[in-house]
1. Please work out which residue is most open to solvent (accessible area, probe 1.4 Å), limiting yourself to the stretch 280-314 and to residues that are in a helix (DSSP H, G or I) and among the polar types (S, T, N, Q).
2. VAL137 versus (1) over 12 Å from LEU78 (Cα atoms); (2) of a type in the set (Val, Ile, Thr); (3) crowded, with 22+ Cβ neighbours inside 10 Å: which is the lone unmet condition?
3. In the stretch 43-78, which residues are within 8 Å of the ligand (Cβ to nearest atom), polar (S, T, N, Q) and buried (at least 16 other Cβ atoms within 10 Å of the Cβ)?
4. Which of (1) at positive phi; (2) touching a residue at least 60 places away in the same chain (Cβ under 8 Å) does GLN209 not meet, given it meets every other one?
5. Restricting to the stretch 177-188, name every residue that is of a type outside the set (Ser, Thr, Tyr) and open to solvent by less than 80 Å² (accessible area, probe 1.4 Å).
6. Please give the number of the condition ALA191 fails out of (1) open to solvent by less than 40 Å² (accessible area, probe 1.4 Å); (2) farther than 18 Å from GLY26 by Cβ; (3) among the aliphatic types (A, V, I, L, M).
7. Quick one: what pairs do we get from the stretch 120-140, first residue more than 15 Å from GLU159 (Cα to Cα), second of a type in the set (Asp, Glu) and open to solvent by 20 Å² or more (accessible area, probe 1.4 Å), C-beta under 7 Å, 6+ apart or different chains?
8. I need the full set of residues from the stretch 316-346 which are at pLDDT below 65, of a type in the set (S, T, N, Q) and open to solvent by 80 Å² or more (accessible area, probe 1.4 Å), in order please.
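The values are calculated or read from the model by the stated rules, or taken from the named source; none is laboratory data. Being a predicted model, the structure only gives us computed values, none of them experimental. For neighbour counting, all protein chains shown are included, and Cβ atoms are generated from backbone atoms with ideal geometry for every residue, glycine included. SASA here: full protein model, heavy atoms, side chains in, ligands and nucleic acids out. Shrake-Rupley method; radii C 1.70, N 1.55, O 1.52, S 1.80 Å.
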Amino acid sequence: MVGADGLLPLPWLAQPLQNALRTQRGHALLIHGPQGIGQFELALTLAQAWLCETEPTAQPCGVCASCRLVQARSHPDLLVLLPEALRESLGWDSGEEGADAEAKASKAKPSKDIKVEAVRKAVGFAQSTSARGRAKVVLVHPAERMNAIAANTLLKTLEEPPGLARFVLSCGAPDALLPTIRSRCHAVPLALPDTHLASAWLAGHKVAQPEVLLAAAGGQPMEALEWAREGVDAVTWTRLPKQVAAGEVGTLAAWPLPRLLDALHKLCHDAACLACGAAPRYFPPAALPRGATLPALNAWSKELSRTLRHAEHPWNLPVMAESLLLQARQALTPAAAQGLSVHSAR
Ligand SMILES: [Zn+2]
C-alpha cells in the first residue's frame, strides 16, 4: 500500500485492510476514525482490491491492468468524489470539469463541500455498465462533506445498489453523517497507529525527533508529515509553550489561523493536564510553563472554542494572532495577567 506521496507505504493500514477485505458485508463500507492516518489511502486500496483482476488475494496485486489504471488515476470503473479543496493535496486533480473548472477559472476559493451535482453524477456512474466487468466503485471522501441534499441523493443508490456497484465512504466524524447513510454501510473502524510504527515511518521521511511531531499531531503521522513539510519542526514545537508564555510572538504571527488555534488548544489542554497532575499529551512535559491555574485555563479554553466557531470569519490576521497570543500569555502566567487586558480583534 503506497502513501499519497507515492514514496513509502503506510504500514499501519495493512491490518485494517485485511480485516476489511475479510469481514466486509454488503456493497458499501464506511471507514471511520481520526483524520491524518490514511482514510483516503485505505479507501482507495479497497477500491483497487475490488477492481483488481488477479484472482483473490489479501490485497490488490498492484501489477494487473486494472491496478495500474487505479494507480494512474484513470480507471474507467472508479469514481472518486472529493471536495475541490482536497483534490490537489491528494493527487487527484484530474476531474476538472464543469463547476470545478469554472471555479478554478474564476479563482474562487476551492469548495470544501462535495456538491449535489457531483453526487448525481456518481449515481449515474454507478448505474452505468462496468467497462472492465469487475465492479463499479464510487469512493466518497470525506463523506461528512456532503450536505443533507447531497447525502439523500446518494442514499437511494446505497439502499438499492445497481448490479456491480460498490461504495466506500470515509469519515472523520460519523456523527455528522445522516443515520440512514451510516446504517446502509458496513463500518470499518480505523484507530491511531502504534507510536513506534508511526515514528519509524516519519523517520523514514527524514523527520527529525519524529516522536515529538507525532505527539504534536495527536498521533496522526500523515498530519505530522504535512507539518514537517510546511516547516514546523520538533524544535519549533518544543519551544512554543515558553515562547507564548514569555509573550514572544515571533514567527507564530505568520502561522495560518487554524494552525495557531490548534496549537493553542493543545497548549491549553496540556497546561490543564499539568495543573491536575496528569501527563500532557501534545508537548514534552519539560516544555510546558508551570504555575497556570485551572480557572484561568478553563476560561481560556472557552475563549478558544468561541474563536474556533468563527474561524472562517475574515479576520485581520496579524491583529487576531496578537490578541490570541496575549490571551494565551495571560492564562499561562498569572503574573502577566495583572496589568494586562485582553483585546478583541473583532
Ligand atoms: Zn491487480
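1. Among those that are in a helix (DSSP H, G or I) and among the polar types (S, T, N, Q), it is ASN298.
2. Unmet for VAL137, out of (1) over 12 Å from LEU78 (Cα atoms); (2) of a type in the set (Val, Ile, Thr); (3) crowded, with 22+ Cβ neighbours inside 10 Å: (1).
3. Listed by number, the residues that qualify are GLN48, SER66.
4. GLN209 satisfies all of (1) at positive phi; (2) touching a residue at least 60 places away in the same chain (Cβ under 8 Å) except (2).
5. Those that are of a type outside the set (Ser, Thr, Tyr) and open to solvent by less than 80 Å² (accessible area, probe 1.4 Å): LEU177, LEU178, ILE181, CYS185, HIS186, ALA187, VAL188.
6. That leaves (1) as the condition not met.
7. Going by the 7 Å Cβ cut-off, the qualifying pairs are ARG134/GLU53.
8. Across the stretch 316-346, the qualifying residues are GLN338, SER344.
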